[in-house]
Amino acid sequence: MYNLQINIDRISALAKSKGLSINQMLKNAELSTTILDNMKRGRLPSVDKIQSIAEYFDCSVDYLLGRTDNPNSHKL
């Protein structure tokens, strides 16, 4: 089961670890700053957006989705 809160928490933690706000990270990744707000409202992000965030942080999609605690697990 997909847990949006895990996704939000991991994105937030990764942005914080780089000294960035979520909005700044999303702008750097060339994504809309409304993605996180939509997720907080229960809207699932598209796969390409999650992939873009994973690529930006150099981690796996599985890590962002909470399927693993290892950010390098199943990384492309």
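The values are calculated or read from the model by the stated rules, or taken from the named source; none is laboratory data. Not measured: the values here are computed from a predicted model. Cβ atoms come from the backbone with ideal geometry, glycine included; neighbour counts cover every protein chain shown. Heavy atoms of the whole protein, side chains included, go into the accessibility calculation; ligands, DNA and RNA do not. Shrake-Rupley method; radii C 1.70, N 1.55, O 1.52, S 1.80 Å.
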Restricting attention to region 4-20, which residues are loosely packed, with under 13 Cβ neighbours inside 10 Å, farther than 20 Å from Ser46 by Cβ and of a type outside the set (Lys, Arg)? Ala13, Ser17, Gly19
Write out, first by first residue and then by second, each pair whose Cβ atoms fall under 9 Å of each other, whose residues are 6+ apart or on separate chains, and whose first residue, in region 22-42, is closer than 15 Å to Leu4 by Cα and at pLDDT below 95 while the second is surrounded by 13 or more Cβ atoms within 10 Å (Cβ to Cβ) and of a type in the set (D, E, K, R). Ile35/Lys49
Residue by residue through region 47-57, note down the ones that are buried (at least 17 other Cβ atoms within 10 Å of the Cβ) and of a type in the set (A, V, I, L, M, F, W, C). Ile50, Ile53, Ala54, Phe57
Which residues, counting only those in region 1-22, are under 18 Å from Arg67 (Cβ atoms), over 9 Å from the mean Cα position of the chain (by Cα) and not in a loop (DSSP other than H, G, I, E, B)? Leu4, Gln5, Ile6, Ala13
Residues of region 27-46 being open to solvent by 40 Å² or more (accessible area, probe 1.4 Å) and of a type in the set (A, V, I, L, M), which ones? Leu44
Given Asp62, Asp48, which one is acidic (Asp, Glu), in contact with a Ser or Thr (Cβ under 8 Å, 6 or more places away or on another chain) and on the phi < 0 side of the Ramachandran plot? Asp62
